[in-house]
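Okay, structure first, notes after.
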Amino acid sequence: MKSMISLRNVDKYFQQGPERFYVLRRVTLDIKPGEFVAVMGPSGAGKSTLLHVLGMHDTAWSGEYLFLDQPIHQLDRKKRLEIYKKYFGFVFQSYHLLDDLTVAENLDVPLSYRDIKKSERQAIVADILDRFRIVGKKDLFPSQLSGGQQQLVGVARAIVANPKIILADEPTGNLHSSQGAEIMEMFKQLNEEGATIVMVTHSETNAAYAHRIVRIVDGWIEQQ
Amino acid sequence: MTSLWEDLRYAARLLARQPAFTAAVVLLLALGIGANAAIFSLVDSVLLRPLPYRDLDRLYYVWMRDNVHGRPPALLSVAELLDFNGQVRSLSHFAGLLHQPVTVTRGSEPERVVGAFVSKTYFDTLGIPIHRGRPFLPEEYQPGRNQAVLLTDSFWQNQLGGDPSVVGRILRIDSEIHTVVGILPPMEAETRGADLYLPLPFTPELLAARDGRVVTALARLAPGATEQQAAAELRAASLRVAAAHPASNDGIEAVLTPVMDDVRGSAGQPLAVLAAAVGIVLLVACANLAGLLLVRASGRRKEIAVRSALGASQGRIFRQMITESMLLALLGGAAGIAVAAWSVRAIRNWGVLALPRLELASIGVRALVFTALVSLAAGVLFGSAPALQALRLNLASALNEESRGSSGGRARGLTRSILVVAEVALSVILLVSAGLLLRTYSGLTRLDLGFDPSRVLTMRVVLPAALYADDPSRALFLRRVVSRLNSLPGVAAAGGAAVLPMTSANWRCQFAVDGSDASSPESADYNAVDPSYFDSIGARILSGRPFSDTDTGAAPPVVIVSQSLANRYYPRQDAVGRSLTLHLIGHSQRVTIVGVVRDMALKTPEETPRPILYQPHAQQPWRFIHFTIRASGADPASLATAARRAVHEIDSQVPLDRVQPFSALIGRVLSSRQLAMVLLIAFAALAVLLAAVGLYGVLAVAVAHRSREFGIRMALGARPADVLALVFKDGLGLTAAGLAAGFAAAPLATYALRQMLYGVTFLDPLTFATVAALILAISAAACLLPARRAARVDPSTALRE
Ligand SMILES: Nc1ncnc2c1ncn2[C@@H]1O[C@H](COP(=O)(O)OP(=O)(O)OP(=O)(O)O)[C@@H](O)[C@H]1O
Ligand SMILES: [Mg+2]
């Protein structure tokens, strides 16, 4: 099958004084539609960086990135954003909930940026609150939630707009194991329904849910 | 005490370490405080600083009020001055003064200066001592022996080089020899603007003209007497005078007004408005600074938290913050004095006519004290918000802030937002007020004056009495000059008149129309003009004819009347051809109306048209002549040299002055309004600028605080336009709130302003709408930069934080 995502020789560095500090080195990676990929590696290896490149949050890199045959590295910001909105959902490593919005409002934000009617949006948010069993928290602000609960909301927000591909940066890092397992089950189900998933994790248990594990060390990918 | 010193040193060090911030704050304060200091020194010199007279508050003007005809109070005649002098026990002094231009001839050049003819008690009444020389002797007030003169200090300094040996020397005044008997002390706030003082001799002719009311009378309350007592005694004395001289004084009563009122005069309201306006500007500046310091203080939360954790008391922390604000305020005040000195110099260029005694305005000790006080008040005003915020600090959260990575501080953002709303509201008030004054002014400049002053050059000649003693010589002079002026190239029409509209001259005459009660004549403004005067200033003859060269002293006396005089006294009939009795300088004559001319504005453009009577100059040849020369080209000033030469070709001895375009006269009439308007516009612009900067600041900080939020939103699918819109919504929301508050408050301000308005109501919708549009446009501009920065937030960086 053809690749959904195809990275070719992607380099990413940070300039530190006269020196270039490489975070990604000649990364070449193919992900097919419907795949469930786990990205693993030591801290500081470049996992989050890779995910941000895939999620197009980061465009300061060199190499080629084809998404469904579209050359992302050549597209302008507007075009990229369109693609992103249509296909992607993102779970941030540090949740990144909006402090001034309630849980329900946070979940509504991605929907508000896609042409969805208000009434429909409310239904979708209610549905997702239900699915994550956080209906009782819907009017709380992020600062009133525990770290685990915040993460749960972050995951919920990533999938609320029904993305084709989910990029998740340690989605269970702060959850206790039973909650973590629940999230993984949910991912598994979404994957079976057709979603492609790229997930950064430190946990072998979680990685076991994936079809394939991509290991990354010092910015280099070790293909399996 | 030591801790205060430490606070000061610490504050100074902090400020020195942030030179850009400190400079910005000091500049801002300098503008705000400087404007206040400048207006204060105007108020001080015009309203507060006492005249150099002894016990100013016990000095009064005396006027003659006509209770029968309800005319405006008039001056006194010389006879009345004598009548009242000594009749009123509550008045210890009673004196009169008569202004008259005189010609001083030193060497070959004759020079026009202002002479003040004063009665015997004048200097005693005001309490002015004579510095050098001596006062006038009693016999020097006798007709024929009045060849003495006292010089003002400024005339002595400027014209005679301050030479002390002039006392006792001879000065040629109006072709007569006068001895300089003394020099007056410097009187910097003197309003009378005289160059020389001369004795006022009570000649039989002056005493006979009982209704020639030309003398300004001044009186001083006797020790222990009250104004009420004096007024009552004056009333009684008026009745006695009226009984003795019913022809001139029936129904006429002497009344008092405090000299102090006159000093304040019409300058009071514009100055009050300006003082309020600069106060508002300072408030806006303080709100702005409070916002700035709040941001800065929130950057110092960690420092303050640590200090508290180390045991600093709340009072100590408050004091430290306030010390810093005070230091800033004083620096700003010091810079403000420079701004004020510069502004006062700029404002002074408007000249004396805009505001009385404006030329005396300067930054003195009182202004310095005022500035220091205002600076300290400003320091408290803008310093207390950040200082109080420092007290409300929650230690634990402040110390942990970084680790939580929360944007936090909603309340802080709220305070700043309220400050910006207040700034916008205050600027709206100023803008609306300035807009209304601008509309008033532009309306006034476009009013139809009844004549067309554009392209007209004016100049004045006062014929020396000794050289032009008889009427025919003066009439001939005028006729010859006008015909020479008319023959100059570039002159479309030239004419002459005794007085000009839009000057402070106010010539009145009395008249009785046939069939009315001859014992109570009507009064009208008066002028004597030559046949081509109306043509030269573009005033239209509505019916009848203009004067002609045949209306000479030998011909039957004729007059031309203004439209409103004709309408009022000859309603629904033709005034032309009617006769009336004209009373002028003590004698009466029958005259025939030969024409009706359009109404002309005499004092101010917006006045209601007044009845005016015009005589042919040839039939009443005054020594005072204004020439009006209409240029065929655009620039009347270019005719000045040729016109001067034309006059001097007829007579090289006559002094010629006030050579200026007619438009300059009108400009001067409007100058006090122009001053108020221009300053108010400047202050409003300053306030708007500050408010825009404030709004920009709030948004810039908010955007910086929210960059993570914007990053997240973009990562969740927001387009740059969505983020842009978020910032604009915030910014314009604040603006809208400020506009609403400003519009709610503005009518209160403009209602207070309504006496200064003309042709526009205090709720003028156009002005309000324009201000709204302007404010929205300016805030949109202020939003633009932060909004674009927000839209450019790079999600990958923002999300890493
Ligand atoms: N702005 C930056 N400037 C310089 N170096 C950076 C910057 N951002 C990230 N890095 C470096 O890039 C490397 C990769 O970071 P990245 O966040 O991708 O690691 P990670 O694999 O996600 O680690 P973790 O498992 O701890 O989340 C790290 O060494 C980090 O220090
Ligand atoms: Mg990471």
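The values are calculated or read from the model by the stated rules, or taken from the named source; none is laboratory data. Computed from a predicted model, the values in this text were never measured in an experiment. Neighbour counts are summed over all protein chains in view; Cβ atoms, including those assigned to glycine, are modelled from backbone coordinates with ideal geometry. Note: areas computed on protein heavy atoms with side chains; ligands, DNA, RNA excluded. Shrake-Rupley method; radii C 1.70, N 1.55, O 1.52, S 1.80 Å.
Just give me the residues in region B:744-757 being open to solvent by less than 80 Å² (accessible area, probe 1.4 Å) and closer than 18 Å to residue B:680 by Cβ, in sequence order.
Once the filter is applied, which keeps residues that are open to solvent by less than 80 Å² (accessible area, probe 1.4 Å) and closer than 18 Å to residue B:680 by Cβ, region B:744-757 yields B:745, B:746, B:747, B:749, B:750, B:752, B:753, B:756, B:757.
Can you pull out the residues in region A:132-170 that are charged (D, E, K, R) and either within 16 Å of ligand 1 (Cβ to nearest atom) or touching a residue at least 40 places away in the same chain (Cβ under 8 Å) (or both)?
Passing the criteria: A:157, A:164, A:169, A:170.
Just to be sure I understand the filter: pairs with C-beta atoms under 6 Å, separated by 6 or more residues or on different chains, first member in region A:23-43 and on the phi < 0 side of the Ramachandran plot, second member assigned to a loop (DSSP other than H, G, I, E, B) and near ligand 1 (Cβ under 9 Å from one of its atoms). Which pairs pass?
A:23/A:46; A:23/A:219; A:24/A:46; A:24/A:219; A:25/A:219
Answer with yes or no whether residue A:78 is away from ligand 2 (no atom under 16 Å from the Cβ) and at pLDDT below 90.
Working: away from ligand 2 (no atom under 16 Å from the Cβ): yes; at pLDDT below 90: yes.
Judged against the criteria, residue A:78 is a match.
Residues are listed down the side, and each one gets a yes or a no for (1) touching a Ser or Thr at 6+ places or on another chain (Cβ under 6 Å); (2) more than 14 Å from every other protein chain (Cβ to nearest Cβ); (3) small (Gly, Ala, Ser); (4) away from ligand 2 (no atom under 16 Å from the Cβ):
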{"residue": "A:138", "(1), (2), (3), (4)": "no, yes, no, yes"}
{"residue": "A:166", "(1), (2), (3), (4)": "no, no, no, yes"}
{"residue": "A:173", "(1), (2), (3), (4)": "no, yes, yes, no"}
{"residue": "A:207", "(1), (2), (3), (4)": "yes, yes, yes, no"}
{"residue": "A:216", "(1), (2), (3), (4)": "no, yes, no, no"}
{"residue": "A:221", "(1), (2), (3), (4)": "no, yes, no, no"}
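Here's a check for you: in region A:186-205, which residue that is within 16 Å of ligand 1 (Cβ to nearest atom) and open to solvent by less than 20 Å² (accessible area, probe 1.4 Å) is farthest from residue A:28 (Cα to Cα)?
A:201
May I ask you to list the residues in region A:12-54 that are within 12 Å of chain B (Cβ to nearest Cβ) and farther than 19 Å from residue A:210 by Cα?
Residues satisfying the conditions are A:12, A:14, A:23, A:49, A:52, A:53.
Name the one entry in A:49, A:28 that is more than 15 Å from residue A:196 (Cβ to Cβ), more than 16 Å from ligand 2 (Cβ to nearest atom) and modelled with pLDDT under 95.
Checking each option against the conditions leaves just A:28.
Can you name the residue in region B:205-244 that is part of a helix (DSSP H, G or I) and polar (S, T, N, Q) and is also least open to solvent (accessible area, probe 1.4 Å) among such residues?
For region B:205-244, the residue satisfying everything is B:238.
Going residue by residue through region B:627-636, is there one that turns out to be open to solvent by 50 Å² or more (accessible area, probe 1.4 Å), among the small types (Gly, Ala, Ser) and part of a loop (DSSP other than H, G, I, E, B)?
Looking through region B:627-636, at least one residue is open to solvent by 50 Å² or more (accessible area, probe 1.4 Å), among the small types (Gly, Ala, Ser) and part of a loop (DSSP other than H, G, I, E, B).
Restricting attention to region B:547-579, report how many residues are out of contact with any strand residue (DSSP E or B) (no Cβ under 6 Å at 6 or more places or on another chain), part of a loop (DSSP other than H, G, I, E, B) and touching a residue at least 12 places away in the same chain (Cβ under 8 Å).
So the count comes out to 9.
Among A:97, A:68, which is the only one that is hydrophobic (A, V, I, L, M, F, W, C) and open to solvent by 40 Å² or more (accessible area, probe 1.4 Å)? Don't jump to the end; show me each part of the working.
Details: A:97 fails: open to solvent by 40 Å² or more (accessible area, probe 1.4 Å).
From the options A:97, A:68, the qualifying one is A:68.
Applying the selection to region B:728-771, what residues are touching a Phe, Trp or Tyr at 6+ places or on another chain (Cβ under 9 Å) and either over 28 Å from residue B:670 (Cβ atoms) or of a type in the set (S, T, N, Q) (or both)?
B:731, B:743, B:750
Determine, yes or no, whether residue B:682 is surrounded by 23 or more Cβ atoms within 10 Å (Cβ to Cβ), away from chain A (no Cβ under 14 Å) and either in contact with a strand residue (DSSP E or B) (Cβ under 8 Å, 6 or more places away or on another chain) or modelled with pLDDT of 85 or more (or both).
no
Quick one: which helices (runs of 4 or more DSSP H) lie wholly within region B:690-801 and hold at least 3 residues that are within 11 Å of chain A (Cβ to nearest Cβ)?
Working: elements: B:707-715, B:720-753, B:765-791, B:795-800.
Because the criterion is at least 3 residues that are within 11 Å of chain A (Cβ to nearest Cβ), the helices (runs of 4 or more DSSP H) in region B:690-801 that meet it are B:707-715, B:720-753, B:795-800.
Give me the residue from region B:758-767 that is in contact with a Gly (Cβ under 8 Å, 6 or more places away or on another chain) and within 15 Å of residue B:431 (Cβ to Cβ) and, out of that set, surrounded by the most Cβ atoms within 10 Å (Cβ to Cβ). I'd like the intermediate steps shown before the answer.
Quick first cut of region B:758-767, residues in contact with a Gly (Cβ under 8 Å, 6 or more places away or on another chain) only: B:758-760, B:764, B:767.
Subset that is within 15 Å of residue B:431 (Cβ to Cβ): B:760, B:764, B:767.
Values: B:760: 20, B:764: 18, B:767: 23.
Among those residues, the one meeting the criterion is B:767.
Given the options B:480, B:460, B:455, B:474, name the one that is at pLDDT 85 or above, of a type in the set (D, E, K, R) and out of contact with any Lys or Arg (no Cβ under 8 Å at 6 or more places or on another chain).
Working: B:460 fails: out of contact with any Lys or Arg (no Cβ under 8 Å at 6 or more places or on another chain); B:455 fails: out of contact with any Lys or Arg (no Cβ under 8 Å at 6 or more places or on another chain); B:474 fails: out of contact with any Lys or Arg (no Cβ under 8 Å at 6 or more places or on another chain).
Criteria check complete, one pass: B:480.
Given (1) buried (at least 17 other Cβ atoms within 10 Å of the Cβ); (2) β-branched (Val, Ile, Thr); (3) free of Cβ contacts under 8 Å to residues at least 24 places away in the same chain, identify the lone condition not met by residue B:173.
Residue B:173 satisfies every listed condition except (3).
Residue A:183 passes all but one of (1) assigned to a helix (DSSP H, G or I); (2) in contact (Cβ under 8 Å) with a residue 24 or more places away in the chain; (3) open to solvent by 80 Å² or more (accessible area, probe 1.4 Å); which number fails?
So residue A:183 meets the others, but not (3).
Is it fair to say residue A:56 is surrounded by 18 or more Cβ atoms within 10 Å (Cβ to Cβ) and within 16 Å of ligand 2 (Cβ to nearest atom)? Step through it out loud before you land on a result.
Numbers: surrounded by 18 or more Cβ atoms within 10 Å (Cβ to Cβ): yes; within 16 Å of ligand 2 (Cβ to nearest atom): no.
It is false that residue A:56 is surrounded by 18 or more Cβ atoms within 10 Å (Cβ to Cβ) and within 16 Å of ligand 2 (Cβ to nearest atom).
Out of everything in region A:72-89 that is open to solvent by 20 Å² or more (accessible area, probe 1.4 Å) and closer than 19 Å to residue A:167 by Cα, what residue ends up being nearest to the other protein chains (Cβ to nearest Cβ)?
Here the answer is A:85.
Hey, among B:357, B:410, B:416, which residue is modelled with pLDDT under 90 and open to solvent by 30 Å² or more (accessible area, probe 1.4 Å)? Show your work before the answer.
On the way: B:357 fails: open to solvent by 30 Å² or more (accessible area, probe 1.4 Å); B:416 fails: open to solvent by 30 Å² or more (accessible area, probe 1.4 Å).
Of the residues listed, the single one that is modelled with pLDDT under 90 and open to solvent by 30 Å² or more (accessible area, probe 1.4 Å) is B:410.
Of the residues that sit in region B:768-784 and are open to solvent by 30 Å² or more (accessible area, probe 1.4 Å) and over 15 Å from residue B:691 (Cβ atoms), which one is farthest from the chain's Cα centre (by Cα)?
B:784
Being buried (at least 22 other Cβ atoms within 10 Å of the Cβ) and either in contact with a strand residue (DSSP E or B) (Cβ under 6 Å, 6 or more places away or on another chain) or farther than 22 Å from residue A:187 by Cα (or both): is that true of residue A:103 here? Before you say what the answer is, go through the steps one by one.
Values: buried (at least 22 other Cβ atoms within 10 Å of the Cβ): yes; either in contact with a strand residue (DSSP E or B) (Cβ under 6 Å, 6 or more places away or on another chain) or farther than 22 Å from residue A:187 by Cα (or both): no.
Judged against the criteria, residue A:103 is not a match.
Just to be sure I understand, how many residues within region A:186-224 are part of a strand (DSSP E or B), in contact (Cβ under 8 Å) with a residue 40 or more places away in the chain and within 23 Å of residue A:42 (Cα to Cα)?
Of the residues in region A:186-224, 12 are part of a strand (DSSP E or B), in contact (Cβ under 8 Å) with a residue 40 or more places away in the chain and within 23 Å of residue A:42 (Cα to Cα).
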